[in-house]
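A.B. asks: Here's a structure for you.
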Amino acid sequence: MSDLTEAEVRAEVRQWLAENWDPDMPLVEWRSKLADSGWGMPQWPKEWYGRGLPHALARVVEEEMANVGAVGVARSGVRLLAAATLLEHGSDLQKKKFLRRILTGEDTWCQFFSEPGSGSDLAGATTRAELKGDFWIINGQKVWTTSAHHADYGLLLARTDWDVPKHEGLSYFIIEVKQPGVEVRQLKQMNGYASFNQVFFTDAKVPQENLVGRVGEGWKIALTTLAHERRLADGLQPTPLKRGARVGRIHAEERIETEKANEPYKWYPQRAGRVDLIIERAKETGANKDPYVRQEIAKLMILAKSAEWTARRARAAQQQGRPQGPEGSLGKLAASHVARGCSRVHTLITGTAAMLSGPESPRNGIIAEILLSVPAVSIAGGTDEIQRNIIAERVLGLPKEPRFDTGPFRNVRRN
């Protein structure tokens with residue numbers, strides 16, 4: 001861990017930016033400089049494109065970059081989930097091959113976890129991985145995979161042993177998506193978007209060196225990925241930084257990249273319920289004069305602010321270097337309650353017009369989109385029921401539910 005002071009970090013990064021930042025260079029060339037310097041992810045280890053700084057000082061680096069309008073490393077989509085998982089469990093060969101290209105944005109990633117018969121019961125995955133010669137051969141199906149239609153690599157959870165209990169028979173792989181034997185089909189949602197995909201694997205290949213960890217450690221490694229995913233799903237957005245001038249080739253290329261990367265996520269603010277619109281909508285419709293609606297708005301705002309503070313507490317713990325605690329599951333569950341509360345209050349405020357879409361509808365269809373999108377929060381990243389089990393058993397120490405899926409997985413009754 002670095003013993004540099006905040007002033008020393010500011011001075012060092014300012015000098016580096018003065019010598020290296022040029023908004024007219026190609027985006028990948030700039031991010032390559034960032035990755036090699038360690039300033040792109042300064043909280044990462046020095047040997048893997050970082051500087052070993054605590055998270056609090058990493059924020060200082062972001063502020064200095066924002067002051068000159070400098071673009072950061074690639075962060076959209078599943079990239080940083082992949083990076084966090086590889087930093088903790090990957091081999092040196094995997095870190096060397098993948099981490100730098102994650103930061104430069106040259107590779108995009110997706111996550112092959114959920115299946116038609118094992119969404120909440122993720123450990124019940126039945127996609128097979130069989131070792132034949134130098135390759136693992138993959139057969140099976142995944143679903144609800146965001147951005148698989150333009151991903152280069154995927155984080156794959158697959159079954160390598162059917163004769164042990166289900167959690168022990170899984171392994172974790174990095175699979176190349178654009179290869180024969182991987183078929184991606186987009187799924188149309190009821191809110192009009194097509195963010196998710198179903199993916200079919202037919203004798204797809206994974207080289208042996210792309211096994212993450214050891215055979216049978218897939219469940220443990222998947223929990224690392226999920227812990228980071230749940231922390232990102234707590235509903236807390238980082239405070240935006242004031243940015244300097246954003247002109248030049250780098251910014252133009254970044255805007256194109258961002259637009260493509262964010263396309264599957266355009267409806268995510270509506271999925272979260274848009275608590276930011278509640279008071280504004282109440283005023284513009286006159287619903288703020290209804291005492292019942294005012295009470296419901298007050299309840300929702302109290303819940304939303306409590307969830308925000310829980311999320312901030314989790315982020316503060318992370319910045320202090322403390323291990324991931326129960327706040328991820330607490331924040332994820334709280335986000336579901338906030339979203340559902342928003343859906344209800346938006347309906348109280350807007351009335352039957354909340355069902356309308358199109359240019360003549362409330363907020364150009366945003367209110368209707370909220371009502372259609374909110375149910376996804378209670379499912380994505382682990383259902384509310386799963387989060388309650390985690391909190392009950394691992395946080396409160398309550399007895400575990402009776403299980404009927406112990407013993408060899410091949411003998412467990414499935415759908």
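A.B. asks: In vacuum, with every alpha carbon of region 249-382 counted as one equal point scatterer, what does the Debye formula give for log10 I(q)/I(0) at q = 0.12, 0.21 Å⁻¹? Two decimals, please.
C.D. replies: Results for region 249-382 at q = 0.12, 0.21 Å⁻¹ read -0.59, -1.18.
A.B. asks: Turning to a different aspect of this structure: How high is the relative contact order of region 165-213, in percent, counting Cα pairs under 8 Å that sit 6 or more residues apart?
C.D. replies: Over region 165-213, the number comes to 44 percent.
A.B. asks: Using Cα-only point scatterers and the Debye equation, what is log10 of I(q)/I(0) for region 43-157 at each q in 0.20, 0.22 Å⁻¹, rounded to two decimals?
C.D. replies: Normalising to I(0) and taking log10 leaves -1.18, -1.30.
A.B. asks: Taking the Cβ of Leu4 as the center, what net charge do the other residues with Cβ under 9 Å away carry, scoring Lys and Arg +1 and Asp and Glu -1?
C.D. replies: -3
A.B. asks: Here's something else I'd like to know. For a footprinting-style exposure proxy, rank Ser343, Ser171, Ser32 by other Cβ within 10 Å, fewest first.
C.D. replies: Ser32, Ser343, Ser171
A.B. asks: Right, another one. Show that you can apply the helix-only estimate: for the chain, add -39,500 (n - 2.57) for every DSSP H stretch of four or more residues, divide by all residues, and state [θ] at 222 nm to the nearest 500.
C.D. replies: One gets -13000 deg cm²/dmol as the mean residue ellipticity at 222 nm.
A.B. asks: Over the chain, what is the relative contact order in percent, taking alpha-carbon pairs closer than 8 angstrom and at least six residues apart?
C.D. replies: Over the chain, the number comes to 15 percent.
A.B. asks: Let me know the charge dipole size of region 249-382 about its Cα centre in debye, to the nearest 20, where only the beta-carbon of Lys, Arg (+1) and Asp, Glu (-1) is charged.
C.D. replies: Charge dipole, region 249-382, about its Cα centre: 500 debye, nearest 20.
A.B. asks: I've got another one for you. Just how large is the dipole of the chain about the Cα centre, in debye to the nearest 20, putting +1 at every Lys and Arg Cβ and -1 at every Asp and Glu Cβ?
C.D. replies: I would put it at about 960 debye.
A.B. asks: Classify region 115-165: rounded, prolate or oblate, from the alpha-carbon gyration tensor (a ≥ b ≥ c, eigenvalue square roots; a/c under 1.5 rounded; otherwise prolate if a/b is larger than b/c)?
C.D. replies: Because a/c hits 1.5 or more and a/b fails to exceed b/c, region 115-165 counts as oblate.
A.B. asks: While we're here: Quick one: if the Förster radius is 30 Å, what FRET efficiency do Asp405 and Lys97 give, using the C-beta to C-beta distance and rounding to 0.05?
C.D. replies: Once the sixth-power term is evaluated, E becomes 0.25.
A.B. asks: Calculate, in whole percent, how much of the Cα-Cα pair population of region 345-415 lies beyond 20 Å.
C.D. replies: When every Cα pair of region 345-415 is considered, 59 percent fall beyond 20 Å.
A.B. asks: In addition: Measure off 7 Å from each Cα along the Cα-to-Cβ vector at Lys220 and Glu88, then give the distance between these two points in nanometres to one decimal.
C.D. replies: Taking the two extended label points, one gets 1.2 nm.
A.B. asks: Within region 197-216, list the residues whose amide N lies under 17 Å from a label point set 7 Å along Cα→Cβ of Arg128.
C.D. replies: Counting backbone N atoms under 17 Å from the label point, the list is 200-206.
A.B. asks: Another question, if that's okay. Could you calculate the contour length gain from Arg185 to Ala7, that is, 0.36 nm times the residue separation minus the distance between their Cα atoms, to one decimal place in nm?
C.D. replies: Net length gain for the segment: 59.0 nm.
A.B. asks: Just list whichever of Lys97/Lys178; Lys166/Lys188; Lys46/Lys96 have alpha carbons separated by over 22 Å in the model shown.
C.D. replies: Violating the 22 Å limit, Cα to Cα: Lys166/Lys188.
A.B. asks: With the crude spin-label approximation of a point 7 Å out along Cα→Cβ, what separation in nm comes out for Ala317 versus Arg75?
C.D. replies: 2.2
A.B. asks: Right, another one. Can you tell me the FRET efficiency between Asp121 and Arg14 if r is taken as the Cβ-Cβ distance and R0 is 60 Å, rounded to the nearest 0.05?
C.D. replies: According to the calculation, E is roughly 0.75.
A.B. asks: Need the full-extension length gain, Gln141 to Arg255, defined as separation in residues times 0.36 nm minus the C-alpha distance. One decimal, nm.
C.D. replies: Once the chain is fully extended between Gln141 and Arg255, it gains 37.7 nm.
A.B. asks: On to the next question. Let me make sure I get this right: for region 107-216, a, b and c are the square roots of the gyration tensor eigenvalues over alpha carbons, sorted descending. Under 1.5 in a/c it's rounded, otherwise prolate if a/b > b/c, else oblate. Which is it?
C.D. replies: oblate
A.B. asks: For Phe200, what is the net charge nearby, where nearby means another residue's Cβ is under 12 Å from its Cβ and Lys, Arg count +1, Asp, Glu -1?
C.D. replies: -1
A.B. asks: Now, a different point. Over region 260-415, what is the relative contact order in percent, taking alpha-carbon pairs closer than 8 angstrom and at least six residues apart?
C.D. replies: In percent, rounded to a whole number, it is 28.
A.B. asks: Now, a different point. Testing the spin-label approximation: label points 7 Å from Cα along Cα→Cβ at Lys289 and Thr202. State their distance in nm.
C.D. replies: 6.5
A.B. asks: Also, quick follow-up: Kirkwood Rh, region 248-323, all Cα pairs: how many Å?
C.D. replies: For region 248-323, inverting the mean 1/r across all distinct Cα pairs yields 16.0 Å.
A.B. asks: Going 7 Å from the Cα of Val412 in the Cα-to-Cβ direction, what parts of region 109-146 have a backbone nitrogen less than 19 Å from that spot?
C.D. replies: 112-130, 139-143
A.B. asks: Just subtract the alpha-carbon distance of Ile279 and Asp24 from 0.36 nm times their residue separation and send over the number in nm, one decimal.
C.D. replies: Roughly 87.5 nm would be gained on extension.
Values quoted throughout were computed directly from the atomic coordinates according to the rules given, and no laboratory measurement underlies them. What you see is a predicted model, and the numbers here were worked out from it, not measured in a lab. All Cβ positions, even for glycine, are placed from backbone atoms using ideal geometry, and neighbour counts span all protein chains on display.
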